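Below: the structure, in structure tokens.
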Amino acid sequence: MSLRSPLGRVLGLGSAKDGTAHWWAQRVSAVALIPLTLWFVFSLWTLPALDYATVRAWLSFPLSGFLAVLLVAVSAYHSSLGTTEVIEDYVHSAGMRVLCLLSLQFLHVLAGGAGIFAILRVAFGS
Amino acid sequence: MPARARPTSPHLGIYRWQIGNSLSILHRLTGIALAFGLLALCYWLVSLAGGDESYAEAAKFFASPVGLVGLVGWTFAFLYHLLNGVRHLFWDAGYGFERTPRHASGWFAVLGSIALTLCIWGSIWAGHRS
């Protein structure tokens, strides 16, 4: 006899109460980051110089700005998922764990938000 | 309470080191390094939006010895995490579990990321000199 309810089975809920959601989100963001990071590294590598005017002109180009926003957003999400896993594995005291997880989430939203806002400022020339 | 401590899953003290667990640990370490890389990327972007002076300040930091070690380190961390991450995705899809492809792909991830890091920074160094 199974102790799992049919509803729990349909929702994919295990003992952690969120099923495979974290695992799956990590894979989806990983796949998305393959083209995004390659584009970013290749773009910087092939720019004639990395001085202020050249980089600003490159990032003002709509497609560059758009892809850069996606890169920062998906990177921050993927990084948040990964570092959460590290904290969950190694920080065992409940209070410390909550503090670490909370700080990590805030830090990722802050850094990602600041990065995206900066790209938009360059793109819209403010 | 049981009379004796229950056996636990492999602990580092009795675990024989091999390519599999080393690369797994390296994947996590490079992931943590890349989380700091994300901070550096966002700092760089904010400095770019801030104008000529703040960008020059950030560029000075990245050109300093500490900055350069960071950039080369992040290049390697990114390339290794990318190649080994693709390896993980293949495993998730159910491929590459046999001993030969598992070891071959592991060495490919390590040597490939080292070679690509040298390529990228070699070309930057050559371009800088010319």
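Hey, in the GNM for chain A with a 10 angstrom Cα cutoff, which one of A:H22, A:H78, A:H92 fluctuates hardest?
With Cα springs under 10 Å in chain A, the top fluctuation among A:H22, A:H78, A:H92 is at A:H92.
List the residues of the stretch B:83-113 for which accessible area in the full set of protein chains is at least 50 Å² lower than for the chain on its own; 1.4 Å probe, protein heavy atoms only.
Listed by number, the residues meeting the 50 Å² cut-off are B:L89, B:D92.
Using only alpha carbon pairs under 8 Å that are at least six residues apart, calculate the relative contact order of chain A and give it in whole percent. Each step should come with its number before you reach the end.
On the way: 73 pairs, mean separation 34.5, N = 126.
Rounded, it is 27 percent for chain A.
What part of the accessible area of the protein assembly as shown, given as a whole %, is carbon or sulfur when the probe is 1.4 angstrom?
Values: 11820 of 16330 Å².
Result for the protein assembly as shown: 72 percent of the exposed heavy-atom area is carbon or sulfur.
Enumerate the helices in chain A for which the Kyte-Doolittle hydropathy averages 0.0 or more and the C-alpha atoms extend at least 24 Å along the helix's axis, using complete DSSP H runs. Please report the intermediate quantities before stating the final value.
Working: long enough: A:21-46 (37 Å, 0.99); A:62-90 (42 Å, 0.87); A:94-123 (43 Å, 1.64).
The answer, listed by residue number, is A:21-46, A:62-90, A:94-123.
Using a 1.4 angstrom probe with every protein chain in place, what is the largest-first accessible-area order of B:R129, B:R87, B:R28? The partial results should precede the final answer.
Numbers: B:R129 175, B:R87 25, B:R28 60 Å².
Listed by decreasing accessible area, they come as B:R129, B:R28, B:R87.
Keeping all protein chains in place, calculate the accessible area per residue for chain A (probe 1.4 angstrom), answer in Å².
Per-residue accessible area for chain A comes out at 62 Å².
Based on the Kirkwood radius over alpha-carbon pairs, what value in µm²/s does the Stokes-Einstein equation return for the translational diffusion coefficient of the protein assembly as shown at 37 °C and 0.692 mPa s?
Working: Rh = 20.8 Å.
For these conditions, the coefficient is 158 µm²/s.
Report the relative contact order of chain B, percent, no decimals, based on alpha-carbon pairs under 8 angstrom and at least 6 residues apart. Working shown, then result.
On the way: 58 pairs, mean separation 34.7, N = 130.
The value is 27 percent.
In peptide A:69-79, how many Cβ atoms from other protein chains are near each Cβ within 10 Å, on average?
Values: counts 0, 0, 2, 4, 0, 0, 6, 4, 0, 5, 8.
Counting other chains' Cβ atoms within 10 Å and averaging over A:69-79 gives 3.
Ignoring ligands, DNA and RNA and using a 1.4 Å probe, state the total buried accessible area between A and B in Å², rounded to the nearest 100.
On the way: alone 8960 and 9840 Å², together 16330 Å².
What A and B bury together is about 2500 Å².
Within a Cβ distance under 15 Å of B:V46, other residues only, what is the Lys/Arg minus Asp/Glu net charge? Mind dumping the intermediate values first?
Details: positive: A:R56, A:R121; negative: B:D52, B:E53, B:E57.
Surrounding charge for B:V46 is -1.
What is the mean number of Cβ atoms from other protein chains located within 10 Å of the Cβ atom of each residue in peptide B:30-38, rounded to a whole number?
5
If r is the Cβ-Cβ distance from A:V109 to B:R4 and R0 is 51 Å, what FRET efficiency results, to the nearest 0.05?
Details: r = 47 Å, r/R0 = 0.92.
Here the calculated transfer efficiency is 0.65.
Rounded to the nearest 0.05, what FRET efficiency is calculated for B:R129 and B:D52 with R0 set to 22 Å and r the Cβ-Cβ distance? Please report the intermediate quantities before stating the final value.
On the way: r = 26 Å, r/R0 = 1.20.
The computed FRET efficiency comes out at 0.25.
Could you give the accessible area per residue of the stretch B:1-82, probe 1.4 Å, as a whole number in Å²?
On the way: 5190 Å² over 82 residues.
Each residue of the stretch B:1-82 exposes 63 Å² on average to a 1.4 Å probe.
Nearest 10 degrees is fine. How inclined is helix B:99-129 to the longest principal axis of chain B, computing both from alpha carbons?
The angle comes out near 10 degrees.
Within a 10 angstrom radius of each residue's Cβ in B:44-51, how many Cβ atoms of other chains show up on average? Whole number is fine. Present the calculation step by step, with values, prior to reporting the outcome.
Values: counts 4, 13, 7, 2, 8, 12, 3, 2.
Averaged over the peptide's residues, the number is 6.
Starting with the highest mean, order B:15-21, B:112-118 by the number of other Cβ atoms within 10 Å, averaged over the residues of each peptide.
Values: B:15-21: 10.3, B:112-118: 16.1.
Result, highest mean Cβ count within 10 Å first: B:112-118, B:15-21.
What residue among B:V110, B:V46, B:V86 shows peak mean-square fluctuation when chain B is described by a Gaussian network model with Cα springs under 10 Å?
B:V46
For a Förster distance of 22 Å, can you work out the FRET efficiency between the beta-carbons of B:I32 and A:W39, rounded to the nearest 0.05?
Working: r = 24 Å, r/R0 = 1.08.
The computed FRET efficiency comes out at 0.40.
Of the peptides A:50-62, B:68-80, how do they stack up when ordered by the mean number of other Cβ atoms within 10 Å, highest first? It would help to have the intermediate numbers written out before the result.
Details: A:50-62: 14.6, B:68-80: 18.4.
Ranking, from highest mean packing down: B:68-80, A:50-62.
How big, on average over all directions, is the shadow cast by the Cα convex hull of chain B, in nm²?
Working: hull surface 53.7 nm².
Computed as one quarter of the Cα hull surface, the answer is 13.4 nm².
The values are calculated or read from the model by the stated rules, or taken from the named source; none is laboratory data. Quick caveat: nothing in here was measured; it's all calculated off a predicted structure. Here Cβ is always computed from backbone atoms with ideal geometry, including for glycine, and neighbour counts include all displayed protein chains. When the accessible area is computed, the model is the full protein with side chains, heavy atoms only, and any ligands, DNA or RNA have been set aside. Shrake-Rupley method; radii C 1.70, N 1.55, O 1.52, S 1.80 Å.
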